[in-house]
1. Provide the FRET efficiency to the nearest 0.05 for the Asn335-Thr394 pair, computing r from the beta carbons and using R0 = 22 Å.
2. For the residue pair Ile142 and Val299, what label-to-label distance in nm results when each label sits 7 Å from Cα along the Cα-to-beta-carbon direction?
3. Based on the alpha-carbon gyration tensor of the range 66-105 and its eigenvalue square roots a ≥ b ≥ c, which shape applies: rounded if a/c is under 1.5, prolate if not and a/b is larger than b/c, or oblate?
4. How about Lys36: which lysines have a C-alpha closer than 16 Å to its C-alpha, ignoring those fewer than 8 places off in the same chain?
5. Once you sort the root eigenvalues of the Cα gyration tensor of the range 48-207 as a ≥ b ≥ c, which label holds: rounded (a/c under 1.5), prolate (a/b larger than b/c) or oblate (the other case)?
6. Over 25 Å between Cα atoms, which of Lys49/Lys392; Lys259/Lys292; Lys229/Lys350; Lys202/Lys229; Lys150/Lys255 qualify?
7. What are the extents of the Cα atoms of the chain along their three principal axes, in Å, largest first?
8. Which of the trypsin sites (Lys or Arg not before Pro) found in the range 104-155 are loop residues per DSSP with 12 or fewer other Cβ atoms within 10 Å of their Cβ?
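None of the figures in this text is laboratory data; all of them are computed from the coordinates on show. Since the model is a prediction, treat every value here as computed from it, not as a measurement. Ideal geometry is used to build each Cβ from the backbone, glycine not excepted, and the neighbour counts take in all protein chains shown.
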Amino acid sequence: MRVLTPFLSLVLISTAQAADWPTLLGPTQDGVSAEKGIINPWPKAGLRKVWDCPLGIGFAPPVVANGKLFHFGRFENACRLTACDPATGKFFWQFEYPTEYEDFYGYEPGPRACPVVDGNRVYIYGPEGMLHCLAVADGKVIWKIDVRAKYHFHQNFFGVGSVPVVEGDLLIVAVGGSPEGRRPADLRDARPDGTGIVAFDKKTGQVKYQTGAELASYSSPVVRTINGKRLGLYFGRGGLLGFDPQTGTVGFQHKWRAKIEESVNAANPVVIGDKVLLSECYGVGTALLDLKEGKPKTVWTDAEKDRLDQSLRCHWNTPIAHAGFVYGCSGRHDNEADLRCIDLATGDVKWIQRRTFRCTLLMVDGHFVCLTEYGDLSLIKVNPAKYDEVSKYTVPELVYPCWAPPVLSNGLLYVRGKGRLVCLELIPHR
């Protein structure tokens, strides 16, 4: 661990409201931070580096909670969870387990899903399907399940990549099991067996329910209150699954995926009031669905549009909705990806900033922090009228691929690229 600041006991007390970032896309699972007081504009040389450290292989962002930062990576033939001080990078403990996962497409065989922290427990879901519940204090195993052995899911293209979600006493996990047998040559021939979602007792690992005729995707389940009721939403391989998060009772399934075998749904569903936005980049694009009657009703979609005319085609980035508009990266490949703003109600494109490569967004203090897959970091005003860039620089320590979304906790911004995590000061200590 390499610490680059002269103070090892930094306590961040700023105008920002102190906030943990315990799961993917933050405490509200939407990429939005409530902190205030960001540096604006940034210095020409970029944000001050507080510390950085080497990482194992993989693509998962870190999380921060209960005074610890957790990052999950692979070192040789072991997946390792490391806990350290979020302000200094000082090492606390590590836990690891053996893995033999190999990627079908040759991508790094490390974790795709970030840890999830809930109270005194932290959960990790490895690319091969091992699910662990560990003690936050010291990394000791509380319970573990070999999900693939138990539910026999077929390996998806890039392994397990969905992040579990905690709801009450449950840990809700996307599994997507299939009847036993060899993985079909064409994954479109795989059949679900009713374990699209499995809910475990978060303290013991006991199975509470399994539900949903759906195969796994790279999107993560979310739970929201819609029309006064809690609703679980999972954008699985075949489309959107709506279910009661306490009982598993399925309310609806809405098909939404491209026809080609290699298509994957990866962006999380975005809930805005009683509506939900789905987006993918392999064919059908984006759809806005109205859920106020309990069943999905289409408001608008990209399904019948030519690819170049589609409103939004999110790949692995989850777009951010704000004040009637949606902001996100559109495009399957780096050479065609752009950043754009669309009108939520109609899907009309308000602006496009081209040649941004594929990128991820974090919204804070009236701005977006944008990280491209090549390590470019931008500060952009939230503005539906135009692309309004305030600052931009390339983080020198970051190397492609920078596919993990940025993380913000207590004024510190964490960004990762290949083999390295960098901590930057976004909100100054006062």
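1. 0.75
2. Simple spin-label model gives 3.7 nm for this pair.
3. On the way: a/c = 3.54, a/b = 2.48, b/c = 1.43.
Because a/c hits 1.5 or more and a/b exceeds b/c, the range 66-105 counts as prolate.
4. Output for Lys36: Lys381.
5. oblate
6. Working: Lys49/Lys392 15 Å; Lys259/Lys292 29 Å; Lys229/Lys350 33 Å; Lys202/Lys229 22 Å; Lys150/Lys255 27 Å.
Lys259/Lys292; Lys229/Lys350; Lys150/Lys255, as the Cα separations exceed 25 Å there.
7. 57, 51, 43 Å, listed from the longest principal axis down.
8. Here the sparse-neighbourhood loop sites are Lys140.
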